[in-house]
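Data first, discussion second: the structure below is written as structure tokens.
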Amino acid sequence: MRPTLILTPLLLMASTVTVCQAQHSPQLEVTDVRFWTLSEVTRIAIETNGEFRFRSDQLNNPDRLFFDLLGTKPRVGVKGVQTKQVNDKLLKRIRIAETQPGMTRVVLDLESAVEFTASQLSNPD
């Protein structure tokens, strides 16, 4: 049995909307990517400020997973690739970047091939 990586994209909804924001569709942002190392799994949470769609795939040589969050961009003020070192037994690092306008890619650089599950949670106002 391969080690398991659990990915939990989180929805954190803004609790107030100004008149200006109500007239336009607010830009969806990836506000944070966090991780927890547990005994047999690593949990990754991708936080956004609204509902989003995503697609994912697993690649090898080197082993990695990627998640494209459609209609999103990384938090304002952050340019280029953000990198978070993890260095546990499943995951080397997490990379976050806007690969094209309106799409944020989160790449999980793996130590070796893993099984993963992804689910979407929401936390409304």
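As a fraction of the 1.4 Å probe accessible area of segment 52-114, surface on carbon and sulfur atoms comes out at 44 percent. Against the compact-protein benchmark of 2.2 N^0.38 Å, the Cα-based radius of gyration of segment 23-125 scales to 1.09. For a test of the definition: using alpha carbon positions, the gyration tensor, and the 1.5 limit on a/c, classify segment 53-106 as rounded, prolate or oblate. Here segment 53-106 falls in the oblate category.
With an 8 Å cut-off on Cα pairs and a minimum separation of 6 or more residues, tell me the relative contact order of segment 32-125 in percent. Mind showing how you got there, number by number?
On the way: 159 pairs, mean separation 21.9, N = 94.
Relative contact order, segment 32-125: 23 percent.
Here segment 101-125 and segment 38-59 have alpha carbon centers that stand 2 Å from each other.
Calculate, in nm to one decimal, what Gln85 and Ala113 gain on full extension: separation in residues at 0.36 nm each, minus their alpha carbon distance. List each step's numbers first, then the result.
Values: separation 28, 0.36 × 28 = 10.08 nm, distance 1.81 nm.
Length gained, Gln85 through Ala113: 8.3 nm.
Stretched out straight at 0.36 nm per residue, the stretch from Ala45 to Asn61 would grow longer than its current Cα-Cα span by 3.3 nm.
Using the heavy atoms of the protein chains and a 1.4 angstrom probe, tell me the accessible area per residue for segment 52-125 in square angstrom.
Details: 4360 Å² over 74 residues.
On a per-residue basis, 59 Å².
Annotation: amide H of Val86 within the under-5 Å range of Arg93, Ile94, sequence separation 5 or more or interchain, hydrogens built in the peptide plane.
Rounded to the nearest 20, the Cβ-based charge dipole of segment 27-125 about its Cα centre (Lys and Arg +1, Asp and Glu -1) stands at 320 debye.
The values are calculated or read from the model by the stated rules, or taken from the named source; none is laboratory data. Bear in mind the structure is a predicted one, so any value in this text is a computation, not a measurement. Quick reminder, even Gly has a Cβ in these numbers, built from the backbone with ideal geometry, and neighbours come from all protein chains shown. Protein only, heavy atoms only, side chains kept; ligands, DNA and RNA dropped before computing areas. Shrake-Rupley method; radii C 1.70, N 1.55, O 1.52, S 1.80 Å.
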